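Visitor: The structure that follows is given in the form of structure tokens.
The values are calculated or read from the model by the stated rules, or taken from the named source; none is laboratory data. Everything quoted here is computed from the prediction, not taken from an experiment. Heads up, the Cβs are rebuilt from the backbone with ideal geometry, glycines too, and the neighbour counts pull from every protein chain shown.
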Amino acid sequence: MAQIVKRGKSYMVRVTWRDASGKQHKKSKSGFKTKSAAREYGAKLEIQKYNGVLTSLNPTFLKYYQDWYDTYKKNNVSTATAKFYSYCINVINQYFGNSKLENITRRQYQLFINEFGKSHSKPTVSKVNSYLKTCVKSAMADGIIHKDFTANAQLVWNDENVKKVQYLSIDELNRLTNALEFKLTPYFTTRYMILTAIYTGMRLSEIAGLTWNDVNFSFKTITINKSWNYLSGTPDNPFKPTKTQSSNRIIHVNDELLDLLSQLKGNDEQLVFMNPTYGKMPGSSSVNRTLRTFLKKCNIDKPNFHFHSLRHSHVAYLLAHNVPLYAISKRLGHSNITTTANRYAYLIDEYKKEGDKQIDNALSQIGVPKSVPTSKLVTKGNG
């Protein structure tokens, strides 16, 4: 049974147990204001002891995060996601050092967010917080800690660190499209993949995962229900699920894209973009190399522009043609319109400014006869 001891005006709970080698261990906690609260906590410790959850280990935040990643995440994430997990390891090491997991308080965690946020953008702060929060919840499930010190943390960030994603103007998009279509050959499928991204806004893995069964030439649609597994796909099973459940969707496509895709029918019986020359699916390095080559041919100087930027360019093009945000959100496979609005806020703001100019210009015409140029009008008091 858990031992309950009164110390001054509060109570302390202590549990003892022996490990497999017979060594005795203790775990205690004090500060309970009532005896019933202490008993309740003691009962939880006894259950944990019975289930073998209690351990002599009291890991540091860094050590636990590394073990948690290796056990639960390492074999199930993409290369890009794995890099961000490694980035978080460096963040924990820098800000928490050898701090024991159970000793970290909500205040300490908030101070970390405050400091980290001074030099990082909102997306980075939000993502780091999300990864660390998931790890902390796992530690709670393991019985190592009993309070979520990341709970209700107030995110702080630096707007000056926000990197604006580059996208192509309508003129640049037209020039790139024309250049690609002029140099098309079915043996170089990367060019077709770039054009598909321009016309659909699909992700690279979604494009690579397309089969001929997904392309409906009669109804002019593409069905997106899987993606290409670049990390751990096998010849027998080269696919993986889409990024999210909402990413499963059917989108409308135009005749121009369907005509382009039909040129690839002789390459592979199943996969639309399989490279017949090398017998493999083009990856990120291949499509980005091709993209940079054609951007240079078009005299488009955007050093940070990459394949995923075509998705942003697709959104910009649709916004410029007054396509409703809801329709864009569904086309991109977002779970809700808020996700789209947040992710492309910078684009929406830019078009809002342009819209504001148009509104100002329109409002300035109120009360002005169509036959009288605004430049000829004389304001009251001046004539």
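Visitor: Condition test on Glu269, is it more than 27 Å from the chain's Cα centre (by Cα), in contact (Cβ under 8 Å) with a residue 24 or more places away in the chain and not in a helix (DSSP H, G or I)? Reasoning before the result, please.
Guide: Details: more than 27 Å from the chain's Cα centre (by Cα): yes; in contact (Cβ under 8 Å) with a residue 24 or more places away in the chain: yes; not in a helix (DSSP H, G or I): yes.
Judged against the criteria, Glu269 is a match.
Visitor: A further question follows. Only one residue in Leu295, Leu264, Leu258 is within 20 Å of Tyr199 (Cβ to Cβ) and outside any helix (DSSP H, G or I), so which one is that?
Guide: On the way: Leu295 fails: outside any helix (DSSP H, G or I); Leu258 fails: outside any helix (DSSP H, G or I).
Selected residue: Leu264, the only one of Leu295, Leu264, Leu258 that is within 20 Å of Tyr199 (Cβ to Cβ) and outside any helix (DSSP H, G or I).
Visitor: Surrounded by fewer than 19 Cβ atoms within 10 Å (Cβ to Cβ) and either aromatic (Phe, Trp, Tyr) or touching a Gly at 6+ places or on another chain (Cβ under 9 Å) (or both), is that true of Asn174? Steps first, answer last, please.
Guide: Working: surrounded by fewer than 19 Cβ atoms within 10 Å (Cβ to Cβ): yes; either aromatic (Phe, Trp, Tyr) or touching a Gly at 6+ places or on another chain (Cβ under 9 Å) (or both): no.
It is false that Asn174 is surrounded by fewer than 19 Cβ atoms within 10 Å (Cβ to Cβ) and either aromatic (Phe, Trp, Tyr) or touching a Gly at 6+ places or on another chain (Cβ under 9 Å) (or both).
Visitor: Which of the residues belonging to segment 196-244 are closer than 26 Å to Asn174 by Cα, buried (at least 16 other Cβ atoms within 10 Å of the Cβ) and among the charged types (D, E, K, R)?
Guide: Answer for segment 196-244, where residues must be closer than 26 Å to Asn174 by Cα, buried (at least 16 other Cβ atoms within 10 Å of the Cβ) and among the charged types (D, E, K, R): Arg203, Glu206.
Visitor: Here's a follow-up. Only one residue in Ser227, Ser218 is polar (S, T, N, Q) and under 18 Å from the mean Cα position of the chain (by Cα). Which one?
Guide: Numbers: Ser218 fails: under 18 Å from the mean Cα position of the chain (by Cα).
From the options Ser227, Ser218, the qualifying one is Ser227.
Visitor: Give, as residue ranges, the helices (runs of 4 or more DSSP H) completely inside segment 53-131 that count at least 1 residues that are within 21 Å of Asp159 (Cα to Cα) and in contact (Cβ under 8 Å) with a residue 24 or more places away in the chain.
Guide: Details: elements: 61-68, 79-96, 106-117.
Output list reads 79-96, 106-117.
Visitor: Hey, another quick one. Taking Ala141, is it among the aliphatic types (A, V, I, L, M), surrounded by fewer than 13 Cβ atoms within 10 Å (Cβ to Cβ) and not assigned by TED's automatic domain parsing to the domain that holds Phe307?
Guide: So Ala141 fits the description; yes.
Visitor: Only one of these is in contact (Cβ under 8 Å) with a residue 40 or more places away in the chain and under 30 Å from Lys240 (Cα atoms): Leu173, Leu155, Leu204. Name it. Please lay out each step first, then the result.
Guide: Details: Leu173 fails: under 30 Å from Lys240 (Cα atoms); Leu155 fails: under 30 Å from Lys240 (Cα atoms).
Leu204 is the lone residue from the list that is in contact (Cβ under 8 Å) with a residue 40 or more places away in the chain and under 30 Å from Lys240 (Cα atoms).
Visitor: Please go through segment 319-335 and give me each residue that is modelled with pLDDT under 90, polar (S, T, N, Q) and in contact with a helix residue (DSSP H, G or I) (Cβ under 7 Å, 6 or more places away or on another chain), ordered by number.
Guide: Of everything in segment 319-335, just one residue is modelled with pLDDT under 90, polar (S, T, N, Q) and in contact with a helix residue (DSSP H, G or I) (Cβ under 7 Å, 6 or more places away or on another chain), namely Ser335.
Visitor: So which residues in segment 344-360 are in contact (Cβ under 8 Å) with a residue 24 or more places away in the chain and not hydroxyl-bearing (Ser, Thr, Tyr)?
Guide: Let us first name the residues in segment 344-360 that are in contact (Cβ under 8 Å) with a residue 24 or more places away in the chain, namely 344, 346-348, 351.
Correct list: Leu347, Ile348.
Visitor: Taking segment 284-316, which residues are in contact with an Asp or Glu (Cβ under 9 Å, 6 or more places away or on another chain) and under 16 Å from Ala179 (Cβ atoms)?
Guide: Our first condition is that a residue be in contact with an Asp or Glu (Cβ under 9 Å, 6 or more places away or on another chain); within segment 284-316, this holds for 295, 298, 300, 302, 313, 316.
Within segment 284-316, Leu295, Cys298, Ile300, Lys302, Ser313 qualify.
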